[in-house]
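Participant: Starting off with a structure, shown below.
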Amino acid sequence: MTRYGAMFGPDITFLGVDAIDLDDPTTYADADVVIVGAPFDGGTSYRAGARFGPKAMREACYLGFDGSRPSLAMAVDGLKDIRVVDAGDVEMFSGDAAKSCADLETVIEMIARTGAIPLVLGGDHTITWPDVTGVARGTDHWGRVGVIHFDAHADTGDITFGSLIGHGHPMRQLIESGAVRGDRFIQIGLRGYWPPPEVLEWMAEQNMRSYEMSEIVKRGFDECLTEACELAMTECDSIFLSVDIDVVDPGSAPGTGTPEPGGLSSRQLLDAVRRIAYELPISGIDVVEVAPPYDHADITALLGNRVVLEALSGLARRKMDEKTGQKWNPAQPLLDRHRN
Ligand SMILES: [Mn+2]
């Protein structure tokens, strides 16, 4: 495989970070994070369009494409203080789901094996199956990767439309293969009217932990998140963070295939992603289901872009604090560190 570039649209990188060629390991030997596009929406059950997600998330920003984004909140540059590079899109023909997923898994495993964190821009949620499988293999953390999964939907369905591959079942595939323990699969933000009782029974048998919005509202988001982080890390070596943008309320994330009213706010998701990246040993990330054909004023593309940036800022701050022995204090007034 040579660098494919961007499968849909010009070959741009995420906010101007360096491009790499996966065939030439010297171009990413020192990378902390390798961004990969997975423009696949052949697994959608309703509205397709997430194939345009990687392009939209790479370019949705009003600032320069200069490979630098100093974070006001974390006082760190998520694109510069760690080495972030962009491999372009994996070629994923939506009409051949099996080959597309196998090719993506190969790429993710290869990246994980170098010690870098793959950060995958989806694409529909089907891709989390090859993403987590590739990470579990490449890190040798098979069965010891905790998953924290933000979503309106459980994505634990059985065969749909006669196929085992689709955005309704990746989480079931990951538990059935043994890549992830059912009791270390944590879901946050579920709501609405799917899945049906027999799927919920299967999830309960796996000892999954799923936070429905009613529990989150009643107990408070921070308390649930603290509990989720602790559980995901127990007897696990690393964490895969999977963010389906439809976890956010459709009012703040309209550009997605299966919108479900009553979700998290953008603020809650950004804070959670930042906190998880800062506090936990992340081995892989994906951000999925941004579907630009249904977006308005780039609202959802901008949110996806910021989810990626908050994750990178959290990773950068974690690395900095490990070196200096400091601890990030979210309550510190913005200008304090600029006064003498
Ligand atoms: Mn999903």
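Participant: Enumerate the strands (runs of 3 or more DSSP E) found wholly within the stretch 121-212, keeping only those where 1 or more residues are under 26 Å from residue 91 (Cα atoms) and either within 13 Å of the ligand (Cβ to nearest atom) or in contact with a Pro (Cβ under 6 Å, 6 or more places away or on another chain) (or both).
Facilitator: Qualifying strands (runs of 3 or more DSSP E): 145-150.
Participant: Then there's this: Being surrounded by 24 or more Cβ atoms within 10 Å (Cβ to Cβ) and part of a helix (DSSP H, G or I) is the filter here; which residues of the stretch 108-120 pass it?
Facilitator: 108, 111, 112, listed by residue number.
Participant: Please work out which one of (1) touching a strand residue (DSSP E or B) at 6+ places or on another chain (Cβ under 7 Å); (2) without any contact (Cβ under 8 Å) to a residue 40 or more places away in the chain is the condition residue 26 fails and give its number.
Facilitator: Against the list (1) touching a strand residue (DSSP E or B) at 6+ places or on another chain (Cβ under 7 Å); (2) without any contact (Cβ under 8 Å) to a residue 40 or more places away in the chain, residue 26 comes up short only on (1).
Participant: If the Cβ limit is 6 Å and pairs must be 6+ apart or interchain, which residue in the stretch 43-71 that is over 30 Å from residue 169 (Cα atoms) pairs with which residue that is of a type in the set (Gly, Ala, Ser) and surrounded by fewer than 21 Cβ atoms within 10 Å (Cβ to Cβ)?
Facilitator: If the second residue must be of a type in the set (Gly, Ala, Ser) and surrounded by fewer than 21 Cβ atoms within 10 Å (Cβ to Cβ), the pairs left are 65/16; 66/16; 67/16.
Participant: Okay, next question. Go through (1) free of Cβ contacts under 8 Å to residues at least 60 places away in the same chain; (2) among the hydroxyl-bearing types (Ser, Thr, Tyr); (3) farther than 30 Å from residue 320 by Cα one by one and return the number of the condition residue 4 breaks.
Facilitator: All conditions pass for residue 4, except number (1).
Participant: Related question: Within the stretch 256-277, how many residues turn out to be part of a helix (DSSP H, G or I) and crowded, with 23+ Cβ neighbours inside 10 Å?
Facilitator: 6
Participant: Residue 106 passes all but one of (1) under 22 Å from residue 16 (Cα atoms); (2) over 16 Å from the mean Cα position of the chain (by Cα); (3) of a type in the set (Val, Ile, Thr); which number fails?
Facilitator: (1)
Participant: For the subset of the stretch 270-300 comprising residues that are in contact with a Ser or Thr (Cβ under 7 Å, 6 or more places away or on another chain) and within 17 Å of residue 62 (Cβ to Cβ), which member is nearest to the ligand (Cβ to nearest atom)?
Facilitator: The residue in question is 300.
Every read-out reported here was derived from the displayed coordinates using simple, explicitly stated rules and does not represent laboratory data. Everything numeric in this text was worked out from a predicted model, so none of it was measured. When we count neighbours, we look across all protein chains shown, and the Cβ atoms used for this are built from the backbone with ideal geometry, even at glycine.
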